[in-house]
1. Over its Cα atoms, what ratio of radius of gyration to 2.2 N^0.38 Å does the chain give?
2. Across segment 161-166, in residue order, what do the Karplus-derived ³J(HN,Hα) couplings come to in whole Hz, using 6.51 cos²θ - 1.76 cosθ + 1.60 with θ = phi - 60° and x for Gly and Pro?
3. Among 183-195, 221-233, how do they line up from the highest to the lowest mean number of other beta-carbon atoms within 10 Å?
4. Antiparallel versus total DSSP beta bridges in the chain: what percent is that, nearest 5?
5. At a threshold of 8 angstrom on Cα-Cα distance, excluding pairs fewer than six apart, so keeping six or more, what relative contact order does the chain reach in percent?
6. Can you compute the charge dipole magnitude of the chain about its Cα centre, using +1 on each Lys and Arg Cβ and -1 on each Asp and Glu Cβ, nothing else charged? Give it in debye, rounded to the nearest 20.
7. State the answer as a single residue: which of Ala182, Asn115, Ala146 lies farthest towards the positive end of the charge dipole of segment 115-216, with beta carbon charges of +1 for Lys and Arg and -1 for Asp and Glu, about the Cα centre.
8. How large are Rg and Dmax for segment 118-261 when calculated on the C-alpha trace, in angstrom?
Amino acid sequence: MKKILLVMLILTLGVSTLSFSKDKVLKKGKFVVGLDDTFAPMGFKNENGEIIGFDIDLAKEAAKRMNLDVEFKPTEWSGIIFALKGGNIDVIWNGLTITDTRKKQINFTKPYLANRQSIVTLNKSNVNSKQELKNKIVGVQLGSSADSAVMSDTIYKSLKNVKKYDSNVEALLDLEAGRIDAVVVDEIVARYYIAKKEERENKKIYKVLNDDFGKEEYGVGVRKTDKEFLNLLNKTLDEMKKDGTTEKISKKWFGEDIVLK
């Protein structure tokens, strides 16, 4: 009798251990995506208030293939890492740059897009190079990789000021209004915004300089404890690349396939 009870106890503990070994995301059958909902074309609200974008389409397709539900939650970008670690969101899927600093706090999927921190000025500006930013006011999004790139660059000390905004849209609007001299922003985002803005107004407003504040890659951010989920997500994204799904989504938003293979 004692042996039977012992075997039953061991089996019970084994089942319990297996059930608790699952990541938080997989146990609840859903993942919540944290994003800056002004970050077009990665994830943003359209005129009807719906959250759409390149990363949104990727996340929805991945969730469907993983048999998981997905929810999108607008989150203050400057605190998005804390929101992920604190459990308020499960994933950062919003043009998140892979950096060594962030790697110490969270895990990333394999890179899926290449990018650079571009310098945007007004078309009529006499600033045509990075060095000509000396004694100028530069705008960045607070807590972004552009913020880090500018602050760590050797040119930083020669700038008149670095003005920080809650969103890149606010920074670009301030640039247009003449309150700042340049904006450092993800090139993918900048070119999409500029194309849409100039198409609406039917005139040339901005220019993107050849110089930049560094090249980078985007990845999806997850908690370090959600290792099973990360492995499944990487596998799913690989499958989406192989069967042409990511190419189709990329052409929808960028007109060409820019996804890293």
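1. Details: Rg = 21.7 Å, N = 261, 2.2 N^0.38 = 18.2 Å.
That ratio works out to 1.19.
2. 6, 10, 9, 10, 10, 6
3. Highest-to-lowest ranking by the protection proxy: 183-195, 221-233.
4. Percent antiparallel among DSSP bridges in the chain is about 60.
5. Numbers: 448 pairs, mean separation 68.7, N = 261.
Dividing the mean separation by the residue count of the chain yields 26 percent.
6. That gives a dipole near 860 debye.
7. Projecting each Cα onto the dipole axis, the largest value belongs to Ala182.
8. Reported Rg and Dmax, both Å: 17.8, 52.
We did not get these values from a lab; they are worked out from the coordinates using the rules stated. None of the values given here were measured: they were computed from a predicted structure. Please note: Cβ atoms are built from the backbone with ideal geometry, for glycine as well, and neighbour counts cover all protein chains shown.
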